[in-house]
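Worksheet: the structure to be examined is printed underneath.
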Amino acid sequence: MNDIEIITGKFPTAKVTEALSGQEIVMIEASDLHDAAVCIRDELDYVLLLDITAIDNLAKSHKCESRYELRYVFRSSDFERIMIIGLNANIESGVDTLCDYYATADWLEREVWDQYGVTFVGHPNLKRVLNHMEFAGHPLRKDYTITDAQFCTRTQDLLDEMEPLLTSREYSADRDNLMLLNLGPSHPASHGTIRTLAALEGERIVAGVSEIGYLHRGFEKSCENHPYNQIIPYTDRLNYCSALINNVAFAKSVEEMLGITLPDRGIFIRVILMELSRIIDHLVCLAAGLLDMGGQTNYWYLFNPRNDAYDFLSRLTGARLTNSYMRIGGMSHDFYEGWESDLEDILKKVEAGTIQSLQMVEKNRIFQDRLQDISPVSAQQALSFGFTGPNLRASGVAYDMRSISPYYYYDTFEFDVVTGSVGDTYDRIMVRFEEIFQSIKIIRQAAGTIPTGDISIKDHSIFLPPKERVYNSIEGMMNQFKLVFEGLRVPAGEYYGALEAANGELGFYIVSDGGPIPYKVKVRAPSFVHMAAYPKIIEGYQVADAILTLGSLNIIAGEMDR
Amino acid sequence: MDIGRNLLGESIITTRIESVVAWGREASLWPFVFGTACCAIEFMATAASRYDISRFGAEVLRFSPRHADLLIVAGTVSYKQAPVLKQIYDQMPEPKWVVAVGACASSGGFYDNYTTLQGIDEIIPVDVYIAGCPPRPEAILDAIVEIQKQLHDEPSGQVRNESFNGRIA
């Protein structure tokens, strides 16, 4: 009996509906959610709550049972399987919260309320998380006009969250002479847009509250207003330190919805560029993190090879950061002649820079003392927080989608899944150092065995035909015309696609109504869940430690706030 | 008696006080980097060794607005962020200059939606706009040179942009 049969056996009203590409959604009654979550977590052992999102059925082409539906995506303890639970949400009575079962649910439910206005009964603090406090309405509802802007004139003091937190810990700001310190959103070590309010007893943080949403740029609403290929530039700007991984993650999800796979050369190009992007992402994280602790030389050593990598990407794609190189069904063009030696040259420089930087810190007493045993996160805690990627691996959990559910021939490359032992700030930093070397290894293998042939699919109702066919054949011209003016069509249905991005599991929950524009796109962004855990793990440590912990989690505001 | 000429010879240059002040400011702009998004990552590259912003005397990055005279807004500014930016601008002492780095800070870029400020010039005055999404580091350096040219010709002791009316009071 598989997991879905166990659920349907337990809840006779549950119905299984087909999603795309072999996925299934178990639709349950809203009143069963509580029991279903207990069953999923305790009996079936689904350890990660990946995402919660809503669908507003107002603009659907067919009639639906209720206007709002919710989707819960879980991942099993062996990390190989996902489970999608759906339910019809009644906007008046709301839906039960899952905060008691999965810590991740807290912010995810706040976001659903903020964006769609679905209430969660029993949620400890159901307030906006992305939009500002003066915002009225719920922007992802289909009747909210995308350009309907609302000015904000002041920021919130966050005491509504801080005071209950202090009371629950039997502290009083006045009696215990606590100092409330506001860090960010504009603070050099808060990476631009992250705000944390810390209550300090001396130099020790006794309670922390974080506020995000300062870089909320309406990614998901923009997706509902653009055809699939025009969304690629928006995905660049989710995690702008590794834009190409975001490109691929989105394109791959849509391709899986369409049931297509790329020719082998296209796949190898994607692997090479994704691993190069992972290297760049880790270089930025380490350079900025070490700069935060005063190690400025590391910044130069790590940023120089990163610039060389950007020279390669500029020559290949025409842009340094925001490459927009991928298309649904392939990529815009092949590698240029002589790319192999350029790439090898970069890999050598990255190796040299990383080794130089490691030599400065590895046996450095100050580095070790400042990072070891700071904000450790145990494996169990990390899973309950919803950590994925290097942050989870630092806690000793060997979950890497590239090896556990291999895609794009990752199972044929030889590389190690890097893990830490205690999950402290030191482990999170050192895992990234080592992952740079592993990515170099993968790139060398892929570059050595890359096949010749096509890079993109030949179905020209999805991928633009070559220019000579557009100019010289009527069919080619029609393909071009239809793709440019209408866009490609994806069969109606839903799909959750994910891959291992630089920061962890990057997922796209895409709903198609059969049209050229997605009905809904939700990003499962690793940084969003990592940030939710941040105020909890800095408690008990000093402000200077909290700065380094933030750097080691590598929060990228673009994907966190979307 | 002409002591100056005899003792100091050609080491005295006569000029106007305004020119001396402008000359000093030009070579020592202290930027406050209001970095929020992708453009801030390119600003990091501008400050790093290859592009080396210190060649233009602007490497003393101050993260207290009270110590800075050049506000570099690098990245998308949302409506939620707008009052924060306004407050930081207000905290900077006169005279001060503002650079809008990239499409988002200049005009909202391709985020024409409910959450993105359609250009920071809706709330604070801007002296130089840089195109690009994000601009290359050279473009950021070019903007700094442009500010240097502007302030060279401006009277030194006056409050700039007094008549500016933004959408946040």
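The GluC sites (Glu not before Pro) of the range A:441-493 that DSSP puts in a loop, and whose beta carbon has at most 15 other beta carbons within 10 Å, are A:Glu486. In the protein assembly as shown, the DSSP beta bridges split such that about 75 percent are antiparallel, to the nearest 5. Give me the lysines in straight-line cross-link reach of B:Lys149: C-alpha distance below 23 Å, same-chain residues under 8 apart excluded. Of all the lysines, those that pass the test against B:Lys149 - Cα under 23 Å, at least 8 places apart if same chain - are B:Lys96.
Peptide A:150-163 has a mean shielding of 3, counted as Cβ atoms of other protein chains within 10 Å of each residue's Cβ. If both residues of a DSSP beta bridge must be in the range A:3-121, then about 80% of such bridges are antiparallel. Note on chain B: with a GNM built from Cα contacts shorter than 10 Å, the maximum mean-square fluctuation among B:Tyr129, B:Tyr51, B:Tyr89 falls on B:Tyr51. Give me the distance between the Cα centres of the range A:252-315 and the range A:353-414, rounded to whole Å. Cα centres, the range A:252-315 to the range A:353-414: 17 Å. For the range B:103-169 versus the range A:28-45, the spacing of their alpha-carbon centroids is 53 Å. For the protein assembly as shown, the Kirkwood estimate of hydrodynamic radius, built from reciprocal distances between every pair of different alpha carbons, is 27.0 Å.
When the GluC sites (Glu not before Pro) in the range A:227-291 are filtered for DSSP coil states and for at most 16 other beta-carbon atoms within 10 Å of their beta-carbon, no site remains.
Once both labels are positioned 7 Å from their Cα atoms along Cα-to-Cβ, the gap between B:Glu146 and A:Glu43 label points is 6.5 nm. Rolling a 1.4 angstrom probe over the protein heavy atoms with all chains in place gives the protein assembly as shown an accessible area of 38 Å² per residue. Here B:Trp30 sits with roughly 100 square angstrom of accessible surface, probe radius 1.4 Å. FRET efficiency for the B:Ser11 to B:Asp153 pair, using the beta carbon distance and R₀ = 22 Å, is estimated at 0.20. Candidate cross-link partners of A:Lys252 among the lysines, defined by an alpha-carbon separation under 20 Å and a same-chain spacing of 8 or more, comprise A:Lys458, A:Lys520, A:Lys522. Counting Cβ atoms of other protein chains within 10 Å of each residue's Cβ and taking the mean over peptide A:236-248 gives 2. Note on A:Asn225 and A:Ser61: the model spin-label points, each 7 Å out from Cα along the C-beta direction, lie 2.3 nm apart. Does anyone have the angle between helix B:38-47 and the longest principal axis of chain B? Alpha-carbon axes, 0 to 90°, nearest 10? Helix B:38-47 sits at roughly 20 degrees to that axis. Relative to the longest principal axis of chain B, what angle (0 to 90°, nearest 10) does the C-alpha long axis of helix B:137-152 take? Roughly 50 degrees between the two axes. To put it simply, the accessible area of the range A:427-562 at a 1.4 Å probe is 61 percent carbon and sulfur. The overall shape of the range A:181-267, judged from the alpha-carbon gyration tensor, is prolate: a/c is not under 1.5, and a/b is greater than b/c. Counting other C-beta atoms within 10 Å, and keeping those with at most 14, which DSSP coil GluC sites (Glu not before Pro) do you find in the range A:50-100? Listed in order of number, the matching sites are A:Glu65, A:Glu80, A:Glu92.
When the Cα positions of A:Val470, A:Ser527, A:His138 are compared along the charge dipole of the protein assembly as shown, A:Val470 comes out farthest toward the positive end, with charges on each C-beta of Lys, Arg, Asp and Glu. In terms of packing, defined here as the mean over residues of other Cβ atoms within 10 angstrom, the peptides A:363-370, A:534-541, A:138-145 line up highest first as A:534-541, A:138-145, A:363-370.
The charge dipole of the range A:3-121, taken about its Cα centre with unit charges on the Cβ atoms of Lys, Arg (+1), Asp and Glu (-1) only, comes to about 400 debye. Using a cut-off of 21 Å between Cα atoms, the listed pairs A:Lys142/A:Lys221; A:Lys10/A:Lys63; A:Lys15/A:Lys127; A:Lys221/B:Lys86; A:Lys221/A:Lys467; A:Lys60/A:Lys221 include A:Lys10/A:Lys63; A:Lys15/A:Lys127; A:Lys221/B:Lys86; A:Lys221/A:Lys467 as exceeding that distance. What FRET efficiency comes out for the pair A:Lys363/B:Arg167, r = Cβ-Cβ distance, R0 = 45 Å, nearest 0.05? That pair, A:Lys363 with B:Arg167, gives E of 0.25. Database remark: amide H of B:Trp30 closer than 5 angstrom to the amide H of B:Asp69, B:Leu70 (H placed geometrically; neighbours at sequence offset of 5 or more, or on other chains; Pro and chain starts carry no H). The B-A contact accounts for roughly 3900 square angstrom of buried accessible surface, both chains included, probe 1.4 angstrom. Largest to smallest in accessible area, the residues B:Tyr111, A:Tyr101 fall in the order A:Tyr101, B:Tyr111 (1.4 Å probe, all protein chains included).
Against chain B, whose longest principal axis is taken from its Cα atoms, helix B:17-26 shows a tilt of about 50°. Counting only Cβ charges, +1 for Lys and Arg and -1 for Asp and Glu, the dipole size of the protein assembly as shown around its Cα centre is about 1100 debye. Is the C-alpha gyration tensor of the range A:453-553 telling us rounded, prolate or oblate? Criteria: a/c under 1.5 is rounded; beyond that, a/b larger than b/c is prolate, otherwise oblate. Since a/c reaches 1.5 and a/b is larger than b/c, the shape of the range A:453-553 is classed as prolate. The antiparallel fraction among DSSP beta bridges confined to the range B:26-152 stands at about 5%. Membrane-span-like helices of chain A, defined as complete DSSP H segments with a Cα extent of 30 Å or more along the helix axis and a mean Kyte hydropathy of at least 0.0, are identified as A:264-292. Take each residue in A:480-486, count the other chain C-beta atoms within 10 Å of its C-beta, and the mean is 0.
Give the range of the longest stretch in chain B that excludes all GluC sites (Glu not before Pro) found in loop regions by DSSP and having at most 16 other beta-carbon atoms within 10 Å. Looking at chain B, B:60-161 is the longest stretch - no exposed GluC sites (Glu not before Pro) with at most 16 other Cβ atoms within 10 Å. For chain B, carbon and sulfur atoms together expose 53% of the accessible surface, with a 1.4 angstrom probe and every protein chain in place. Taking each DSSP H run with n ≥ 4 as -39500 (n - 2.57) and averaging over every residue of the protein assembly as shown yields -12000 deg cm²/dmol at 222 nm. Once Rg and the Kirkwood radius are both taken over the C-alpha atoms of the range A:219-561, their ratio Rg/Rh works out to 0.99. Amide H contacts for A:Leu180 (H built 1.01 Å from N in the peptide plane; partners 5 or more residues away or on another chain; cut-off under 5 Å): A:Leu200.
According to the Cα-based calculation, Rg over Rh for the range A:3-121 is 0.94, with Rh computed by the Kirkwood formula. The charge dipole of the range B:26-152, taken about its Cα centre with unit charges on the Cβ atoms of Lys, Arg (+1), Asp and Glu (-1) only, comes to about 280 debye. Straight-distance candidates among the aspartates and glutamates for linking to A:Lys348, with alpha-carbon spacing under 12 Å and chain neighbours fewer than 8 residues away dropped: A:Asp308. With R₀ set to 51 Å, the beta-carbon distance separating A:Ser77 from B:Ser49 gives a calculated FRET efficiency near 0.65. A crude spin-label estimate for the pair A:Met1 and A:Ser93, with each label 7 Å from Cα along the Cβ direction, gives 2.7 nm. Between the range A:157-236 and the range B:42-80, the C-alpha centres lie 23 angstrom from each other.
The values are calculated or read from the model by the stated rules, or taken from the named source; none is laboratory data. Quick caveat: nothing in here was measured; it's all calculated off a predicted structure. Virtual Cβ from ideal backbone geometry, glycine too; neighbours counted across all protein chains shown. With ligands, DNA and RNA removed, areas are computed over all heavy atoms of the protein, side chains included. Shrake-Rupley method; radii C 1.70, N 1.55, O 1.52, S 1.80 Å.
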